[in-house]
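A.B. asks: Quick one: structure below, then a few questions.
The values are calculated or read from the model by the stated rules, or taken from the named source; none is laboratory data. Quick caveat, the model's predicted, so the values are computed rather than measured. Quick reminder, even Gly has a Cβ in these numbers, built from the backbone with ideal geometry, and neighbours come from all protein chains shown.
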Amino acid sequence: MKRLFKKGERVKSNRDGKVMEVLHYIKDKSSYLVECAWFDLEKKEVRTYTLKQDSLLKAS
């Protein structure tokens, strides 16, 4: 499987529509996992998610 995103790129989640930044890739047996960061405005802190590459789109 091919990596679709580069480190530092902005991506959009299919699930909740949040725009996040790619931190790094994690190699998994079935597919690539991407660790992404986004800023939570309510709590005023940076959150990180680990999502499958298939559930992300390039943000414009």
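A.B. asks: Considering only residues that are assigned to a helix (DSSP H, G or I) and either touching a residue at least 60 places away in the same chain (Cβ under 8 Å) or polar (S, T, N, Q) (or both), which ones fall in the chain?
C.D. replies: If the condition is that a residue be assigned to a helix (DSSP H, G or I) and either touching a residue at least 60 places away in the same chain (Cβ under 8 Å) or polar (S, T, N, Q) (or both), then Gln53, Ser55 are the ones that fit.
A.B. asks: Determine, yes or no, whether Ser30 is surrounded by 11 or more Cβ atoms within 10 Å (Cβ to Cβ) and not aromatic (Phe, Trp, Tyr).
C.D. replies: So Ser30 does not fit the description; no.
Quick grid of which residues meet (1) in contact with a strand residue (DSSP E or B) (Cβ under 9 Å, 6 or more places away or on another chain); (2) among the aliphatic types (A, V, I, L, M); (3) at pLDDT 90 or above:
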site	(1), (2), (3)
Lys12	yes, no, yes
His24	yes, no, yes
Lys27	yes, no, no
Ser31	yes, no, no
Leu41	no, yes, yes
Val46	yes, yes, yes
Lys52	yes, no, yes
